[in-house]
1. Counting only helical runs of four or more DSSP H residues, what would the 222 nm mean residue ellipticity of the chain come to if each run contributes -39,500 (n - 2.57) and the total is spread over all its residues?
2. So I have (i) 0.98; (ii) 1.05; (iii) 0.96, and one of them is Rg/Rh (Cα atoms, Kirkwood Rh) calculated from this model. Which one is it?
3. HN-Hα J couplings of the range 48-59 from phi, Karplus 6.51/-1.76/1.60, θ = phi - 60°, integer Hz, Gly and Pro as x?
4. Of the chain, which part is the longest with no trypsin sites (Lys or Arg not before Pro) in a loop (DSSP not H, G, I, E, B) and with at most 13 other C-beta atoms within 10 angstrom?
5. Does a label point 7 Å from the Cα of D182, set along Cα-to-beta-carbon, have any residues of the range 78-119 with amide nitrogen under 17 Å, and which are they?
6. Whole-Hz Karplus ³J(HN,Hα) for the range 222-237, in order, using 6.51 cos²θ - 1.76 cosθ + 1.60 and θ = phi - 60°, x for Gly and Pro?
7. Can you tell me the 0 to 90 degree angle between the C-alpha axis of helix 87-101 and the longest principal axis of the chain, rounded to 10?
8. For the chain, what is the relative contact order in percent, using Cα pairs closer than 8 Å and at least 6 residues apart in sequence?
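The values are calculated or read from the model by the stated rules, or taken from the named source; none is laboratory data. Because the structure is a prediction, the values reported are computed rather than measured. Every residue, glycine as well, gets a Cβ built from its backbone with ideal geometry; the counts of neighbours run over all protein chains shown. What goes into the accessible areas is simple: the full protein's heavy atoms, side chains included, and nothing from ligands, DNA or RNA. Shrake-Rupley method; radii C 1.70, N 1.55, O 1.52, S 1.80 Å.
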Amino acid sequence: MTTRPSGRAPDALRAISIEPGFAHHAEGSALIRMGGTEVLCAATVESRVPPFLRGQGKGWVTAEYGMLPRATHTRGGREAAKGKQSGRTQEIQRLIGRSLRAVVDLEALGEMSITVDCDVLNADGGTRCASITGAWVALRLALETLVRNRVLARLPLTAQVAAVSCGLTGAGAVLDLDYDEDSAAAADANFVLTETGGIVEIQATAEHAPFAQDQFDTLLRLARTGTAQLFIAQRQAVDAALTARTAP
């Protein structure tokens, strides 16, 4: 057993902050910081839905994900310049979209679409988890805008959703891996959970050898500990934004 590179306790999150309203023109936005990872999440509302939903009275929530070229240690080429997205990018943005749709009543939303853009400014591990957590705040604020403008009678949200990574490292089972831990972990997992205790999605991978059920259970307990703190941070960010909107 060794100590974590950051010196954190096994069940400690990195320092987290969520700054709502960072993108001034978006219907809802948030800049989320988890340690050295920073992601700008901005929600856009459109009065149309994809062709497969037209005429069904349902809305749609989706996401797009990307990284700035120098979000990482070395420059990554812009995917737009290459003319296509990488498989990793597509997989992550689909995960974010699924996570958000899991807590939205699409019928109550009506025939509107909300796209949440998640752009990684700085990456130090856990970018998909930070994106999901920040995207929920951006989505919530966009929906609040629709309610305030009387486009919607009520918020079509059913729960909060947040995500956090956990892994098996030289320090044992740990919460919220940074890049150094993630790159050397024997196993890592991303947990997407709701504040009501629901599981939206779990992505778990053994890097070297299979891990045991009791180890997985430990990771899940850590994830619940971490997301409980993330749910508080989300609510605080939303409350701060709504207070600012009503200030004289």
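1. Numbers: 6 runs with 85 residues, N = 248.
Per the formula, -11000 deg cm²/dmol.
2. Step by step, Rg/Rh (Cα atoms, Kirkwood Rh) for this structure corresponds to label (i).
3. Computed from phi, the couplings for the range 48-59 are 7, 10, x, x, 6, 10, 4, x, 9, x, 10, x Hz.
4. Numbers: sites that count: R48, R54, R70, R75, R78, K84, R150, R154.
The reported range is 155-248.
5. 86-97, 118-119
6. Per-residue couplings from phi come out as 4, 4, 5, 4, x, 5, 4, 6, 5, 4, 5, 4, 4, 5, 5, 5 Hz.
7. 60
8. Details: 531 pairs, mean separation 57.3, N = 248.
Normalised by residue count, the contact order of the chain is 23 percent.
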